[in-house]
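Structure record follows, encoded as structure tokens.
The values are calculated or read from the model by the stated rules, or taken from the named source; none is laboratory data. Everything numeric in this text was worked out from a predicted model, so none of it was measured. Quick reminder, even Gly has a Cβ in these numbers, built from the backbone with ideal geometry, and neighbours come from all protein chains shown.
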Amino acid sequence: MRLAFREVALAFRRAPLLAILGIVTIAFSLFAFGLFGLVALNIRVALHEIEDRVEIRAFLVNNARDAQIEELMTGIARIPQVADVGYVTPDSALQRARAELEEFQDVMEGAVLPGSVELRLKDGARDPATMQMISRRLQTYAVVDEVRYGQEWVEKLYRIRNIAALAGSVLGSVFALVAVIIIGSTIRMAILARTREIEVMRLVGATNGFVRLPYLIDGMLKGLAGGALAIALTWGTNELITRNLLTTTFFSREQMLLGIGAGGLLGLVGSWVSVGRHLRHLWRDA
Amino acid sequence: MAGILRLKQVTKEYPRSGAALRDVSFEIQKGEFVFLAGHSGAGKSTLLKLISMAERPTSGEVRVSGYTSGSITAREIPQLRRRLGIVFQDFRLLADRTAEQNVAFALEVTGTPHVQIRPKVSRLLTQVGLASRATAYPHELSGGEQQRVAIARALVNDPFVLLADEPTGNLDDRATHAIFLLLREINAQGTAVMMATHDVAMIQRSNLRFLELDNGQLVHDGTDVARLVADMRGRR
């Protein structure tokens, strides 16, 4: 193990430019991935905020009786997806309208607004299907005149979110593949540069695992370094945007560690594939 | 006594170039010294590759120190290699390491405990007569000296047989003779040696057993040098 690390250090000292080049290319591909992740993350944060405001509103018929309203409220309380529910009396509806629309004070003189029930759904139950189901259920009450929940809005939001998720995973896998290929070829170069050493190792009876280990460590370290550099670049970009354009959310500590870890994993996979392929060639020749 | 190295009706064919060895059988005993003679292309290198199990025979069987070509696994090959010493015409030293680092490298990569490496390296370099040049890099050494380093490296794991593929092919007469004497010395301590060469004079002088390969076939196994001289001259 110690020897393997020494070999890695030696390889770095012998061809620092190549190693740095490898790390930087990995960093750039992960950086692109990171930027996309940042966009996806912020879309998600924004969606969440908007979702929080989504509510179902059931307008009641004029002269609704208290008993009817009571019946509606207990019915709603039995729906498991509902987070909270409130009754807005015709009076308070009018007051609210007056406060919000001061310019139209005159118009509202003597106006009568219908009473309504407002309900907010629990996290994770704000999808179009659930909202539609609940709205249908509300409509079965005679006291309910009309139900509104911004159907189009909700559906559009969800479509954006799905597209973002799909694009994210497609682009993500493409970039992951690119990173694997890049690491694979830097390892390949490292192997070609050390053909003689590998030949000697095989000759004197080093085990396959022993020959492989330095390259696997090499690939993993490059992946980790590339991942860390990519996080730094992404953070820099994020700072720039936050300062000049709009406030964005950055990755959490766990997400950053995950990103660096993903870099390491990509490095390991890339070097594993490359080592497997190229060492087999050398094995046959020596 | 059973041979430590035995080939039984070994044929090796390559997809492109055809048969490199045809129906070769012989046996080498513990502690023996055997020359392997023949022109370039006669199959000497192929034979050494088969013995080190870098390649498998197309048919027939190679048996080395209890390992058989038909059943050896990829995991066992490194174990076998540690029991073989292999030396080449072009030395195959690592140019960026000193003589002692080259020898130590072979010990390190086969997992020798650190404390044992230094004493063993200096003992080996002394054995091959290079103790005073331990810190020299290959390019600072003469051809003969480089081959000595390579021999020291081949001996690190106390092999039972040393395979030398034209070890003197790049050396002048004096160095050639010195290397030959060194191999004899190693042989005298109990290590079998198989030395490929096309130096007929050396074989002639030594009066030792030799295997002659011609066009992939074993045409002689014994000490009849007259025949070898005629063969080598006729082909030249």
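Brief remarks follow.
- Here residue B:190 meets the list (1) surrounded by 14 or more Cβ atoms within 10 Å (Cβ to Cβ); (2) in contact (Cβ under 8 Å) with a residue 60 or more places away in the chain almost entirely, failing just condition (1).
- Matching option when the condition is surrounded by fewer than 16 Cβ atoms within 10 Å (Cβ to Cβ), more than 12 Å from chain A (Cβ to nearest Cβ) and not in a helix (DSSP H, G or I), among B:135, B:126: B:135
- If only residues of the range A:195-238 that are of a type in the set (Lys, Arg) and either under 28 Å from residue A:29 (Cβ atoms) or in contact with a strand residue (DSSP E or B) (Cβ under 6 Å, 6 or more places away or on another chain) (or both) are counted, the one that is nearest to the other protein chains (Cβ to nearest Cβ) is A:212.
- Boolean, residue B:115 is of a type outside the set (D, E, K, R) and either within 12 Å of chain A (Cβ to nearest Cβ) or closer than 26 Å to residue B:5 by Cα (or both): no
- For the range A:236-253, the set of residues classified as under 18 Å from residue A:44 (Cβ atoms), surrounded by fewer than 12 Cβ atoms within 10 Å (Cβ to Cβ) and either of a type in the set (Gly, Ala, Ser) or at pLDDT 85 or above (or both) consists of A:252, A:253, listed by residue number.
- Being in a loop (DSSP other than H, G, I, E, B), within 24 Å of residue B:44 (Cβ to Cβ) and of a type outside the set (Asp, Glu) is not true of residue B:111.
- The residues of the range B:5-31 that are within 12 Å of residue B:194 (Cα to Cα) and either among the aliphatic types (A, V, I, L, M) or in contact with a helix residue (DSSP H, G or I) (Cβ under 8 Å, 6 or more places away or on another chain) (or both), listed by number, are B:5, B:28, B:31.
- Only listed residue being surrounded by 12 or more Cβ atoms within 10 Å (Cβ to Cβ) and modelled with pLDDT of 75 or more, chosen from A:139, A:151: A:139
- Set A:146, A:152: member being among the acidic types (Asp, Glu) and part of a strand (DSSP E or B): A:146
- Filtered residue count, the range B:76-104, keeping only those that are assigned to a helix (DSSP H, G or I) and within 9 Å of chain A (Cβ to nearest Cβ): 6
- Single condition residue B:145 does not satisfy, out of (1) over 25 Å from residue A:2 (Cβ atoms); (2) modelled with pLDDT of 95 or more; (3) buried (at least 23 other Cβ atoms within 10 Å of the Cβ): (3)
- Unique match (being part of a helix (DSSP H, G or I), buried (at least 16 other Cβ atoms within 10 Å of the Cβ), within 22 Å of the chain's Cα centre (by Cα) and touching a residue at least 24 places away in the same chain (Cβ under 8 Å)) among A:259, A:219: A:259
- Any hit, the range B:27-37, residues being surrounded by fewer than 18 Cβ atoms within 10 Å (Cβ to Cβ), of a type outside the set (Gly, Ala, Ser), free of Cβ contacts under 8 Å to residues at least 24 places away in the same chain and more than 14 Å from chain A (Cβ to nearest Cβ): no
- Residues of the range A:190-205 satisfying the condition of being part of a helix (DSSP H, G or I) and either surrounded by fewer than 16 Cβ atoms within 10 Å (Cβ to Cβ) or free of Cβ contacts under 8 Å to residues at least 24 places away in the same chain (or both): A:192, A:193, A:195, A:196, A:197, A:200, A:201, A:204
- Answer from B:175, B:152 - the residue that is part of a helix (DSSP H, G or I), at pLDDT 90 or above and farther than 19 Å from residue A:203 by Cα: B:175
- Residues (closer than 18 Å to residue B:166 by Cβ and more than 20 Å from the chain's Cα centre (by Cα)) located in the range B:135-150: B:142
- Verdict on residue B:158 being closer than 22 Å to residue A:200 by Cβ and surrounded by fewer than 20 Cβ atoms within 10 Å (Cβ to Cβ): yes
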